[in-house]
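**Student:** Before I ask anything, let me first share the structure, which is written out below as structure tokens.
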Amino acid sequence: MEEFIPENLEEAGRRYSGFGKDLYRQIEQRFPDVFSNLQYYQCIDIQTEDSCAIYTNDQNSFVFSLIPYAKK
């Protein structure tokens, strides 16, 4: 089981440079309601370069997971 710590969008942007690095900004532009409910996290034990964001509201939740070595 991996461990994560919270980080803000600026920290995630500086740290993560892999595949999908612009995803959070694209969500901000296209889906501002989703963007305003994202919480960002950094993995601290296994794959520290990964980034994830968790969306939650009263009815739904889901996770974006960015992995730098993923390909299109």
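**Student:** With the requirement that a residue be under 18 Å from residue 68 (Cβ atoms) and loosely packed, with under 12 Cβ neighbours inside 10 Å, what does segment 11-34 give you?
**Tutor:** 14, 17, 22, 26
**Student:** Within segment 35-64, which residues are of a type in the set (S, T, N, Q) and open to solvent by 80 Å² or more (accessible area, probe 1.4 Å)?
**Tutor:** Answer for segment 35-64, where residues must be of a type in the set (S, T, N, Q) and open to solvent by 80 Å² or more (accessible area, probe 1.4 Å): 36, 39, 59, 60, 61.
**Student:** With a cut-off of at least 2 residues that are under 11 Å from the mean Cα position of the chain (by Cα), name the helices (runs of 4 or more DSSP H) lying wholly within segment 4-72.
**Tutor:** 9-15, 23-30
The values are calculated or read from the model by the stated rules, or taken from the named source; none is laboratory data. A quick note: this is a predicted structure, and the numbers were derived from the prediction, not measured. Glycine also receives a Cβ, built like all others from the backbone with ideal geometry; neighbour counts cover every protein chain displayed. Areas reflect the complete protein model, heavy atoms only, side chains present, ligands, DNA and RNA absent. Shrake-Rupley method; radii C 1.70, N 1.55, O 1.52, S 1.80 Å.
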